[in-house]
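Participant: Input: one structure, supplied below.
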Amino acid sequence: MDLARKVAIASTLAIGATTALTASAMAATLKVTVDSLAPTDGNFLTPVWVGFHDGSFDIYDRDVSLDGFGGTEALVEDGETGPLSARFDSEVSGGSQGTLNGPNIPPLAPGESTSFTFEVDPTSGQYFSYASMIIPSNDAFIANGNPLAHQIFDDAGSFIGADFIVTGAQVLDGGTEVNDEAEFSTAFLGQSALNTGIDENGVVTLHPGFDPNGRVLAAFPGADFTAPGYEVARFRVELVDDQASVPEPGMIMGLLTLGGVLFAKRQFRQAQA
C-alpha cells in the first residue's frame with residue numbers, strides 16, 4: 001500500500017472517530033423534578049408527563065378543541081399519559097420523554113416531590129414540555145400550550161435549564177367534559193371507569209374553578225386553585241452530567257489529528273526503511 005493511501009485511511013479513521021465522539025459528547029443527563037405546592041387537602045396531580053423535543057410538539061392550543069391533539073384528551077379526562085406518549089413517539093425524532101409517578105402512589109399528593117433523569121440531545125431535545133391532570137376534577141389540567149415556552153439548551157447547545165412555578169391561575173379546562181363533579185364522572189372522587197363523563201364539545205380555556213357548594217371542595221377544601229396566591233407545582237430541569245470526562249470537540253479533533261499525523265509519520269518511516 002502506498003504512502004498516500006495510508007495517510008488517506010488514517011484521515012478517514014480520524015474523521016469517523018471524531019463524529020462518533022462528538023455525538024457522544026453532545027448527550028446530557030438532565031434531572032427533572034416536580035414538586036407539588038398544593039396545600040393540605042388540596043389538589044393531587046396525576047402522573048406527570050414530560051418531554052424534550054425540538055420545539056414542534058404541541059400539547060394544546062387555547063380556545064381550540066382537543067380533537068386535533070391526539071392523546072391530550074385522555075390525559076385531561078383520566079390522567080392517562082400513554083396516548084400522548086405514543087403521539088410524541090410518532091411526531092418527534094430524537095426526543096426524550098417519560099412519566100413521573102408520585103413517590104408513594106401514582107398521583108402526586110400535596111407536598112410531595114418526584115424526579116427522574118433523562119438522556120437528552122441538545123439538538124433534538126432543546127425544549128421542555130409537561131402535562132398533568134388536576135384531581136379531583138372532570139377535565140382540569142396543567143400543561144404548556146406553547147412548545148417553545150421552556151428552552152433548555154440555547155442554539156449553541158449550551159445548557160440553560162428551567163425552574164418555574166405553575167399557579168392556580170394557569171389551571172386549564174379541557175372543554176371535553178361537563179364540570180358536573182358527579183360521582184360517576186369525576187376522577188379521584190368516585191369515577192370507576194375511564195371516559196365516562198358527559199361530552200362538552202368545547203375548547204380549552206382557563207378553568208373557572210370548582211363549584212363552591214360542590215363535591216370537590218367538600219372533600220378537598222384546600223383544592224380551590226382560584227384562591228389568591230395559589231401555587232400548583234414547581235418544575236425544575238437541572239444538569240446532572242455535563243460530560244466533564246469527555247473532551248471538548250475541539251480537543252478531540254486535536255488529539256485525533258495528532259494521532260493521524262503520528263500514524264502517517266510512522267508509516268512514512270516504514271516506507272523509507
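The values are calculated or read from the model by the stated rules, or taken from the named source; none is laboratory data. Since the model is a prediction, treat every value here as computed from it, not as a measurement. Note: ideal-geometry Cβ built from the backbone for every residue, glycine included; neighbour counts use all protein chains shown. Heavy atoms of the whole protein, side chains included, go into the accessibility calculation; ligands, DNA and RNA do not. Shrake-Rupley method; radii C 1.70, N 1.55, O 1.52, S 1.80 Å.
Participant: Which condition number does Ser93 fail, the rest of (1) buried (at least 18 other Cβ atoms within 10 Å of the Cβ); (2) assigned to a loop (DSSP other than H, G, I, E, B); (3) hydroxyl-bearing (Ser, Thr, Tyr) being met?
Facilitator: Result: Ser93 passes all but (1).
Participant: Report yes if Phe141 is closer than 30 Å to Gly190 by Cα and touching an Asp or Glu at 6+ places or on another chain (Cβ under 9 Å), otherwise no.
Facilitator: Working: closer than 30 Å to Gly190 by Cα: yes; touching an Asp or Glu at 6+ places or on another chain (Cβ under 9 Å): yes.
Criteria met by Phe141.
Participant: Let me ask something else. For the range 48-71, enumerate the residues that are of a type outside the set (Asp, Glu) and either within 14 Å of the chain's Cα centre (by Cα) or part of a strand (DSSP E or B) (or both).
Facilitator: Listed by number, the residues that qualify are Val48, Trp49, Val50, Gly51, Phe52, His53, Gly55, Ser56, Phe57, Ile59.
Participant: Go through the residues of the range 35-51 one by one and say whether even a single one is farther than 30 Å from Ala219 by Cα and either open to solvent by 30 Å² or more (accessible area, probe 1.4 Å) or touching a residue at least 60 places away in the same chain (Cβ under 8 Å) (or both).
Facilitator: yes
Participant: Return the total of residues in the range 60-90 being open to solvent by 60 Å² or more (accessible area, probe 1.4 Å) and basic (Lys, Arg).
Facilitator: Count: 1.
Participant: Next up: Just for the range 160-191: of the residues that are aliphatic (A, V, I, L, M) and open to solvent by less than 50 Å² (accessible area, probe 1.4 Å), which one is farthest from Glu73 (Cα to Cα)?
Facilitator: Keep residues of the range 160-191 that are aliphatic (A, V, I, L, M), which gives 160, 162, 165-166, 169, 171-172, 178, 182, 187, 189.
Add one more test, that the residue is open to solvent by less than 50 Å² (accessible area, probe 1.4 Å), and what stays is 162, 166, 171-172, 182, 187, 189.
Working: Ala162: 26, Val166: 20, Val171: 15, Leu172: 12, Ala182: 19, Ala187: 14, Leu189: 19 Å.
Per the criteria, the residue is Ala162.
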